[in-house]
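Note sheet for the following structure.
The values are calculated or read from the model by the stated rules, or taken from the named source; none is laboratory data. None of the values given here were measured: they were computed from a predicted structure. Positions of Cβ are generated from backbone atoms using ideal geometry, with glycine treated the same way; all protein chains shown enter the neighbour counts. Heads up: the accessible areas ignore ligands, DNA and RNA and are worked out on the full protein's heavy atoms, side chains in. Shrake-Rupley method; radii C 1.70, N 1.55, O 1.52, S 1.80 Å.
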Amino acid sequence: MSGATLFPALALLLTTCIAHAGWLHKDADIMGTRISVELFHDDPAVARRGVDAVFEEMHRIDRDMSPWIATSELSRLNREAAQHPVAVSDELFELIRTSVHYSRLTHGAFDITFASVGFLYDYRKGVHPDEPERRAATELINYRNLVLQAQGHTIAYSKPGVRIDLGGIAKGYAVDRSIRLLQALGIHQALVTAGGDSRMIGERWKGRPWNIGVRDPRDEHKLVAVIPLENVAVSTSGDYERFFEEDGIRYHHIINPASGDSARGMHSATLIGPDATTTDALSTSVFVLGVERGLALVNSLPNIDAILVDAQGHLHYSEGLLAADRGEDIVKTPATPAAR
Ligand code: ADP
Ligand code: MG
C-alpha cells in the first residue's frame with residue numbers, strides 16, 4: 001500500500017503534552033506507511049491492550065489485503081480471478097463492494113482497477129510506462145470489469161490483465177476497524193492514524209478538541225490550515241506522498257483512471273467525514289476529480305467537508321467549512337505558490 005513518507009500527509013498539532021498520565025502513544029511502520037496510535041484510559045493495562053490491538057489489526061489487514069504480499073488474499077484474487085470466480089472472505093468482499101460503490105458515486109474517478117496500469121509505475125525507481133504501454137493498460141481500468149456475486153462471495157475479472165489495489169481505501173478501513181476495537185475495550189478517547197488517514201474519538205483533553213493541521217503540499221514544515229475537530233475522520237491525498245519528477249513532470253501515486261497517468265488537477269485534497277473508509281475513498285476521488293467537480297461532489301454529500309490546495313497553490317473550502325459558525329475556528333495560512 002502507498003503513503004510511505006517520513007511525514008504523514010496530516011501534520012498533527014497537539015495542544016497538550018502527550019506524555020500525560022493515562023495517555024499512551026506508539027508509532028510503527030506497517031502497510032508501507034506510518035501508523036500512529038494515541039489513546040487514553042484510566043487503567044494503563046487497558047490502554048496498553050488497546051495499543052496492541054490496533055497494531056495487530058493493522059498487521060492482519062496488511063497480510064490479507066496487500067498486493068505486495070504474494071500470500072495475501074488480494075494477491076490470490078489478482079492471480080486467479082481472470083480465469084475463474086474466486087470465493088473471498090466476507091471482509092474482502094465487502095471492502096471491494098464498497099470500493100465499487102465509490103466508483104459509481106464518483107463516475108469512475110475512484111477505481112481500484114487503476115492497478116491494471118498502476119503496477120507499471122515504480123515511484124522509488126523513477127519508472128513510468130511509455131505512451132503505448134500506458135494506453136493499452138488503461139483500457140483495462142474499469143470497475144465494471146469486476147463481477148461480484150453476493151451468493152458465495154465470489155469475484156471474477158471479466159478480462160485478463162485486470163488487477164486491483166485497495167491502496168485508496170484500505171488504510172481508512174484499517175483505521176475504522178481499529179477505532180471499533182478500541183471502543184469495544186472501553187477506550188473512548190483516541191486518535192488512530194495510518195499515513196494520510198486519521199480518525200479521532202472523544203476530546204483531546206479537558207473539553208478541548210483535537211487540532212488537525214493540513215500541511216502545505218510544497219513545504220513540509222508549513223501548515224495551510226488548522227481545524228479543531230472531534231469525533232470525525234480526516235484523510236489527505238497529496239501529490240507529494242510518493243512521486244518522482246522527469247522533464248519537469250511530476251509522476252505520483254494517484255492515477256486518473258481515464259488516462260492511466262497521474263492526476264494533476266491539484267496538490268492535495270483533505271476530506272473530513274464521519275469515518276475513515278469514507279474520507280480515504282473520497283480524498284483519492286476528489287483529488288482525481290479536480291477542484292470544481294470535487295467540490296461539487298463534496299457539497300452534495302451530507303457531513304462531508306474538504307480543504308483543497310489547487311495546482312496553483314490556492315486554497316478552496318467546502319460550503320460546510322465556509323459557514324460562519326465553523327469558518328471562524330479555522331486558522332488559514334496561504335499555501336506556497338505552485339512553482340515549488
Ligand atoms: P495515501 O495512500 O498517500 O494516503 P491516497 O489515500 O490518496 O493516499 O491513496 C493513494 C493510493 O490509492 C495509491 O497509492 C493507490 O494505491 C490508490 N489509487 C491511486 N489512484 C486511484 C484511483 N483512481 N482510485 C482508487 N485508488 C487509487
Ligand atoms: Mg485515499
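Does Arg104 fit the bill of being away from ligand 1 (no atom under 16 Å from the Cβ) and either modelled with pLDDT of 95 or more or open to solvent by less than 20 Å² (accessible area, probe 1.4 Å) (or both)? Before the answer, list the steps.
Working: away from ligand 1 (no atom under 16 Å from the Cβ): no; either modelled with pLDDT of 95 or more or open to solvent by less than 20 Å² (accessible area, probe 1.4 Å) (or both): yes.
Taking the combined requirement at face value, the residue does not satisfy it.
Do any strands (runs of 3 or more DSSP E) lying entirely in the stretch 129-236 carry at least 3 residues that are within 16 Å of ligand 1 (Cβ to nearest atom) and open to solvent by less than 60 Å² (accessible area, probe 1.4 Å), and which ones are they?
It comes to 189-194, 197-201, 210-216.
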**Study point:** Evaluation of Thr113 against (1) more than 16 Å from ligand 1 (Cβ to nearest atom); (2) surrounded by 20 or more Cβ atoms within 10 Å (Cβ to Cβ); (3) not aliphatic (A, V, I, L, M) (one fails), failing number
**Key:** (1)
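If we scan the stretch 265-279, do we find a residue that is within 14 Å of ligand 2 (Cβ to nearest atom) and open to solvent by 30 Å² or more (accessible area, probe 1.4 Å)?
Going residue by residue through the stretch 265-279, those that are within 14 Å of ligand 2 (Cβ to nearest atom) are 266, 268-273, 275-279.
Filter again for open to solvent by 30 Å² or more (accessible area, probe 1.4 Å), leaving 275.
Taking every residue of the stretch 265-279 in turn, at least one turns out to be within 14 Å of ligand 2 (Cβ to nearest atom) and open to solvent by 30 Å² or more (accessible area, probe 1.4 Å).
Quick one: is Ala311 touching a His at 6+ places or on another chain (Cβ under 8 Å), away from ligand 2 (no atom under 16 Å from the Cβ) and either at negative phi or not assigned by TED's automatic domain parsing to the domain that holds Ile179 (or both)? Reasoning before the result, please.
On the way: touching a His at 6+ places or on another chain (Cβ under 8 Å): yes; away from ligand 2 (no atom under 16 Å from the Cβ): yes; either at negative phi or not assigned by TED's automatic domain parsing to the domain that holds Ile179 (or both): yes.
Yes; evaluated as a whole, the condition is true for this residue.
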Point to revise | Filter result for Glu91 (in a helix (DSSP H, G or I), more than 23 Å from Arg63 (Cα to Cα) and touching a residue at least 12 places away in the same chain (Cβ under 8 Å)) | key: no
Check your understanding: Conditions: (1) open to solvent by 40 Å² or more (accessible area, probe 1.4 Å); (2) within 15 Å of ligand 2 (Cβ to nearest atom); (3) modelled with pLDDT of 95 or more; (4) farther than 13 Å from Asp111 by Cα. Arg242 meets all but one. Number of the miss?
Key -> (3)
Review point. Taking interchain pairs and intrachain pairs at least six residues apart, which have beta carbon atoms under 8 angstrom, with the first residue in the stretch 261-272 and without any contact (Cβ under 8 Å) to a residue 24 or more places away in the chain and the second assigned to a loop (DSSP other than H, G, I, E, B)?
Key: Ser262/Asp239; Ser262/His253; Ser262/Ile254
Exercise for review: Determine whether the stretch 68-84 contains at least one residue that is assigned to a loop (DSSP other than H, G, I, E, B) and in contact with a Phe, Trp or Tyr (Cβ under 7 Å, 6 or more places away or on another chain).
Suggested key: yes
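Scan the stretch 75-92 and tell me whether some residue there is under 30 Å from Thr236 (Cβ atoms) and open to solvent by 60 Å² or more (accessible area, probe 1.4 Å). Write out each step before concluding.
From the stretch 75-92, those under 30 Å from Thr236 (Cβ atoms) are 75, 77-78, 88-92; that's our starting set.
Checking the rest, the ones that are also open to solvent by 60 Å² or more (accessible area, probe 1.4 Å) come to 90.
Yes, the stretch 75-92 contains a residue that is under 30 Å from Thr236 (Cβ atoms) and open to solvent by 60 Å² or more (accessible area, probe 1.4 Å).
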